[in-house]
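The values are calculated or read from the model by the stated rules, or taken from the named source; none is laboratory data. Small disclaimer: the values here were computed from a predicted structure and weren't measured. For neighbour counting, all protein chains shown are included, and Cβ atoms are generated from backbone atoms with ideal geometry for every residue, glycine included.
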Amino acid sequence: MKILSIDTSQQALGIALVEDGRPVASYVSLVNKNHSIRLMPGIECLMKEHGWSAKDLTRVVVAEGPGSYTGIRIGVTTAKTLAWTLGIELVGVSSLAAIAVNSQFSGLIVPLCDARRNNVYTGAYQWQNGELVSLLPDKHISLSAWLEELAEQDLPVQFIGVDVPVFEDTIHETFKHKQTEAHVLTNQLNPLGLAYLGSLKTPEADVENFTPKYLKRVEAEENWLKNHPDVTKQEYVKRI
């Protein structure tokens, strides 16, 4: 199986090629520029360097969210287009799981992504018998409420993700004796880990209707729906 993985859910961009469980190549750019301009050239360059062509691909794995709205849309749209036109498998993987898989911590692995206004996209994972398991589902939540929920868990906690420094002081106050900080490399994007998780999942049955997992509406949509309480989300989408 030849897998192409794509992660544009964060500021960084990540692409990887994996064949039968063996890493072939990966590309990560930490330059915060428009993913829509850089993604396809990056894919084409990486595949060309390693002698792959589009027709060789078996599966495309994409970080489905949560994270950057624009970034997620770019990655998911590209992955769907490739899967549809090439007739290959499509697998969506939680962007948070793709962060958590970088750690081998034995307790709770808690990825954090800044969702603005002291809110976070987060979840809690743990390795069990060699499998990364979601113990607390991905969610959009205030940091204070999330820390209270985690404090009730009878496990040590490791916070990981590039946005952890934003909340470091608050985390330290709550988890003075419980928290274990992630190594700086653990916080970086790893498209190979994404490909690994995607290799374990069942492909999407309906590629055309596959949608990102934003976990939260954009502010403009929330405001519009607030001012139009009688309009459903489907009607909102059609009308806009």
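Of all residues assigned to the stretch 170-184, none qualifies as being modelled with pLDDT under 95, in contact with a strand residue (DSSP E or B) (Cβ under 7 Å, 6 or more places away or on another chain), at positive phi and not in a strand (DSSP E or B).
Take the conditions hydrophobic (A, V, I, L, M, F, W, C) and crowded, with 18+ Cβ neighbours inside 10 Å and apply them to residue 76. Does it pass? Considered against the rule, which asks whether it is hydrophobic (A, V, I, L, M, F, W, C) and crowded, with 18+ Cβ neighbours inside 10 Å, residue 76 comes out as yes. Consider residue 69 carefully, then state whether it is among the aromatic types (Phe, Trp, Tyr) and touching a strand residue (DSSP E or B) at 6+ places or on another chain (Cβ under 9 Å). No: the conditions fail for residue 69.
Tallying residues that are free of Cβ contacts under 8 Å to residues at least 24 places away in the same chain and surrounded by 12 or more Cβ atoms within 10 Å (Cβ to Cβ) within the stretch 109-132 yields 1. Pull up the stretch 56-72, narrow it to residues that are at pLDDT 95 or above and surrounded by fewer than 24 Cβ atoms within 10 Å (Cβ to Cβ), then point me to the one that is farthest from the chain's Cα centre (by Cα). Filtering the stretch 56-72 for residues that are at pLDDT 95 or above and surrounded by fewer than 24 Cβ atoms within 10 Å (Cβ to Cβ), the one farthest from the chain's Cα centre (by Cα) comes out as 56. Listed by first and then second residue, the pairs with beta-carbon distance under 8 Å, at least 6 apart or on different chains, first residue in the stretch 155-167 and touching a residue at least 12 places away in the same chain (Cβ under 8 Å) and over 16 Å from residue 12 (Cβ atoms), second surrounded by 19 or more Cβ atoms within 10 Å (Cβ to Cβ) and among the hydroxyl-bearing types (Ser, Thr, Tyr), are 158/103.
Taking residues in the stretch 192-203 that are farther than 8 Å from residue 61 by Cβ, and partners anywhere that are at pLDDT 95 or above and part of a loop (DSSP other than H, G, I, E, B), the pairs with Cβ atoms closer than 6 Å and at least 6 places apart or on different chains are 193/101. Considering only residues in the stretch 7-38 that are outside any loop (DSSP other than H, G, I, E, B) and either in contact with a Ser or Thr (Cβ under 6 Å, 6 or more places away or on another chain) or not assigned by TED's automatic domain parsing to the domain that holds residue 80 (or both), the one that is farthest from residue 71 (Cα to Cα) turns out to be 16. Check off (1) of a type in the set (Ser, Thr, Tyr); (2) in a strand (DSSP E or B); (3) over 20 Å from residue 97 (Cβ atoms) for residue 144 and give me the number that stays unchecked. For residue 144, the exception is condition (2). For the stretch 210-218, the criterion of being outside any helix (DSSP H, G or I), surrounded by fewer than 10 Cβ atoms within 10 Å (Cβ to Cβ) and modelled with pLDDT under 75 is met by no residue.
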